[in-house]
Amino acid sequence: MDTREKQLQFHKNLATGLLVLMFVIYISMVFLQKKYPEMSFIGYVKAFSEAAMVGALADWFAVTALFQKPMGLPIPHTNLIEERKADIGNNLGGFVVENFLKPKQIRSHIENIKVSKYMVEWLSKETTPEKIENIIKGMSLNVRGSQMLVEFLDKGKHQELFNQLFQKIEVYISENQNVVRREIDNQFPPLIPSFIREAISEKVVDGLQEFVMKITRDEAHSVRREMTAQLYDFAEKLNSSEWENKITKLLQDNVNKQISEFKTNEEFQKKLDVWFQRTAYRFALRNKVRIGDFISDTVKNWEGKELSQKLEMEVGKDLQFIRINGTLVGGMVGLVIYALTQLL
């Protein structure tokens, strides 16, 4: 039994105990009045306790009838929460939409929300860097990257990238033959005749074009196989703790840099607040009917007994004070009526 249940039970017992006390006092006064009829104050106490019992019983019935059938009797218009569950759900959903989700009310509340302020406060906490680091480590980016690369290679998708790469090289050599020849020619000593240098340069360019063309056309070429092997080797290294630390540090440094810039960039913070407010406002307007339906459906889907228990747990303590007040007020009214009667 949690604290709220204990408090509710305590106040139930208190209200019931007060009713029992009034009953005991009333019975006692009945006997005392017969034995000592000359003692007038007994009549006043009797009147008070009698009216207090009536008030206590009336309020007990009213409070109990909300959540269950009093004494299990099939009395009409009792056990109201369970019996009227669907109506309560519809009314509650409509009440929220009509009273809390009007455009003017939504705007006034949303405009006071400064999400950047909460972000800066959270980012400024001493424990935040460690939490961010744990999040990054928990993502296991090196492991995921290694798995994705191996899957990419196993499916042969890298061959298309190789095709594009070597095609680009092929086109570059073809469109820039003079540049390539000039670079090769510059590597020869000046003493070598120019016609020899040109002939050699041309042979080198033609051979280079043919070599690249073979790599482009043949997926089983040794160069491709070597590049593929290097990628598999990198995927294996990527799965190591060394690369995990490198990636974590790289991301951590970048995140820290972004955090520092964010905390000092008031203009960006204002833009973030405006964006969030507009987005939240539009979302609330677009979905206010859905919010009402969600509340209604949630209440309808509760078991009737569960709904009664939830509501009683929330307001039951205050309702017990109604029983207590009803007992005392009823007694006072009965006392006043009795006193007035004696004066007439």
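Taking a straight Cα-Cα cut-off under 13 Å and skipping sequence neighbours fewer than 8 places away in the same chain, the aspartates and glutamates within cross-link reach of Lys69 are Glu82, Glu83.
Just name one of Ile132, Phe234, Ala220: the one whose Cα is farthest towards the positive end of the charge dipole of the range 128-264 (beta-carbon charges, Lys/Arg +1, Asp/Glu -1). It is Ile132.
Modelled spin-label separation between Phe31 and Met71, with each label point placed 7 Å from Cα along the Cα-to-Cβ direction: 2.4 nm.
Quick one: check the C-alpha center-to-center distance for the range 135-184 versus the range 58-127, whole angstrom. Cα centres, the range 135-184 to the range 58-127: 59 Å.
A straight Cα-to-Cα reach below 20 Å connects Lys237 with the aspartates and glutamates Glu151, Asp154, Glu226, residues fewer than 8 places away in its own chain not being considered. For Lys125, a cut-off of 28 angstrom between C-alpha atoms picks up these lysines, skipping any fewer than 8 places away in its own chain: Lys114, Lys117, Lys137, Lys246, Lys249, Lys257, Lys263, Lys270, Lys271. When the label point is put 7 Å from the Cα of Leu101 along its Cα-to-beta-carbon vector, which residues of the range 263-305 have a backbone N closer than 14 Å? Counting backbone N atoms under 14 Å from the label point, the list is 281-299. Here the label points at Lys271 and Phe23, each 7 Å from Cα along the C-beta direction, are separated by 7.4 nm in the simple model.
If R₀ is 51 angstrom, what is the calculated FRET efficiency for the pair Leu311 and Tyr232, using the beta carbon separation as r and rounding to 0.05? Kindly include the intermediate steps, with their values, before the conclusion.
Numbers: r = 64 Å, r/R0 = 1.25.
So, using R0 = 51 Å, E works out to roughly 0.20.
Mean Kyte-Doolittle of at least 0.0 and a Cα length of 18 Å or more along the axis: which whole DSSP H helices of the chain meet both? Within the chain the helices that satisfy the rule are 3-35, 41-67, 85-100, 141-154, 194-217, 304-343. At an R0 of 22 angstrom, the distance between the Cβ atoms of Glu175 and Val204 translates into a FRET efficiency of 0.85. Over all other residues within a Cβ to Cβ distance under 12 Å of Ala235, the charged ones net out to -2, with Lys and Arg as +1 and Asp and Glu as -1.
Stokes-Einstein, applied to the Kirkwood radius of the chain over Cα pairs at a viscosity of 1.002 mPa s and 20 °C, places its translational diffusion at 70 µm² s⁻¹. A simple spin-label model places pseudo-atoms 7 Å from Cα toward Cβ; at Leu285 and Lys249 they are separated by 5.1 nm.
Compute the FRET efficiency between Asp2 and Ser222 as 1/(1 + (r/R0)^6), taking r as their Cβ-Cβ distance and R0 = 56 Å, and round to the nearest 0.05.
Working: r = 74 Å, r/R0 = 1.31.
Efficiency, rounded to the nearest 0.05: 0.15.
List residues of the range 128-148, by number, whose backbone nitrogen lies under 15 Å from a label position 7 Å along Cα→C-beta of Ser240. Flagged as within label range: 142-143, 146.
Counted over the range 128-264 with a bin width of 5 Å, the fraction of Cα pairs per bin, in whole percents, is 2, 9, 13, 11, 10, 10, 9, 10, 9, 7, 6, 3, 1, 0, 0.
No lab work stands behind these numbers, since they all come straight from the coordinates. No experiment lies behind these values; they were computed from the predicted model shown. No Cβ is skipped: glycine too gets one built from the backbone with ideal geometry, and neighbour counts run over all protein chains shown.
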